[in-house]
Amino acid sequence: MKIAIIDECNGRFTNEIKAHWEKSHEVRFDKYLDPKLVLWADTTFFDWAGNNSQRASDPNDSFWKEVPQPKDKNIILRIHDVDAWVGQHRGIQWEWINHLVFVAKHIQDKVLSEIEVPESTKVHLIKHGINPEKFTFREKPLGKKIAWIGHCNQAKNLPLALQVFAANPDYSLHIVGSELGSWQKAYVFDFIKRNNLDVHYQEHVEDINEFLEDKDFFLLTSMKEAWSYVTAEAALKGIKPLIHHFFGASGVWPEKYLWDKVSEVRPMLENDYNSQEYKNYIETNYSFERMIKEYDEILWK
């Protein structure tokens, strides 16, 4: 089969699916919509309901000026979360989409409450999966190093992480945070200094597995997630997750890993620690093999 993958995030969540499909199929990848690629492929996989899939689904778009939009192709569109929250799904002409994939039930419910999907478009819930071979597991001693990883945008809520540490100053916070703007950076480092916090910051690391190797907890302070891939990566290594209760969190994470108030974090830091439990939860509920199998099944109409 000839498969095209069009992913505006440049393979962030499609690289491993692509690598799997390349074992049995001819696969081509592009960050941007190329009508020739859609015409060439038997199946086209659009990741995110963004500009690429919006324009491709519109038969009157200028992309289809030279050739008409093909009607005999298998078209898959996957929605994550930010594309749903900003309403990009409303710009899709669903008659052209054969398979609509969600990675979380709370995102699926939100989107389907706002649009009408024709019967010809099959809806699937395919949860993410993580390849366990990418992450080394070891039983963690109960130490005091806490990791925080993410883009330093409003949704990821780094200021809330600082509040957690102001309440727990005997722990150290290890941040990998890109896109920390000038005024945000001034606030963050001034807060750290004034409150005498043990915080270590870097914009980027080459190897997340290596960075997490000596960490004991993973702190997620997001207000918006479909699941949190990086939290699952940490759990797969045996690191205890401390997850702020974002909308839909209880549908994708056990309640025992969730907190609402900063005061609830301290007992989680001091209570039972079970590395094997965190790893088992990911392997049982977010199996890489299960995810790959489910994507293989929708390659065929």
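The values are calculated or read from the model by the stated rules, or taken from the named source; none is laboratory data. Computed from a predicted model, the values in this text were never measured in an experiment. In this analysis, Cβ positions are derived from the backbone assuming ideal geometry, glycine residues included, and neighbour counts consider all displayed protein chains.
For the reader, a short list of remarks on this structure follows.
- The set of residues in the range 174-209 that are more than 22 Å from the chain's Cα centre (by Cα) and of a type in the set (A, V, I, L, M, F, W, C) comprises W183, A186, V188, F189, F191, I192, L197, V199.
- T44 over 16 Å from K73 (Cα atoms), surrounded by 14 or more Cβ atoms within 10 Å (Cβ to Cβ) and among the hydroxyl-bearing types (S, T, Y): no
- Some residue of the range 155-169 being in the same structural domain as K237 (by TED's automatic domain parsing), at positive phi and either under 18 Å from the mean Cα position of the chain (by Cα) or without any contact (Cβ under 8 Å) to a residue 60 or more places away in the chain (or both): yes
- Matching residues in the range 52-95 - criterion: being hydrophobic (A, V, I, L, M, F, W, C) and surrounded by fewer than 20 Cβ atoms within 10 Å (Cβ to Cβ): F63, W64, V67, V82, W85, V86, W94
- Contact map, the range 40-65: residues that are closer than 20 Å to W300 by Cβ paired with residues that are at pLDDT 95 or above and among the polar types (S, T, N, Q), Cβ distance under 7 Å, separation 6+ or inter-chain. Pairs shown: D42/N74; T43/N74; F46/N52; F46/S53; D47/T14.
- Positions within the range 104-134 being at pLDDT below 95 and either of a type in the set (F, W, Y) or part of a strand (DSSP E or B) (or both), in sequence order: I130
- All positions within the range 95-122 that are over 16 Å from I76 (Cα atoms) and in contact (Cβ under 8 Å) with a residue 60 or more places away in the chain: A104, K105, H106, I107
- If you go through the range 227-276 and pick out every residue that is at pLDDT 95 or above and not in a helix (DSSP H, G or I), you end up with 23.
- Output for the range 130-154, where each listed residue is buried (at least 19 other Cβ atoms within 10 Å of the Cβ), in contact (Cβ under 8 Å) with a residue 60 or more places away in the chain and in contact with a Gly (Cβ under 8 Å, 6 or more places away or on another chain): K140, W148, I149, G150
- Looking across the range 178-213, the residues that are in a helix (DSSP H, G or I) and of a type in the set (A, V, I, L, M) come down to A186, V188, I192, I208, L212.
- The condition (being more than 23 Å from D109 (Cβ to Cβ) and aliphatic (A, V, I, L, M)) is satisfied by just one residue among L258, L220, L236: L236.
- Residue in the range 178-191 that is surrounded by 15 or more Cβ atoms within 10 Å (Cβ to Cβ), under 24 Å from V252 (Cα atoms) and not polar (S, T, N, Q) present: no
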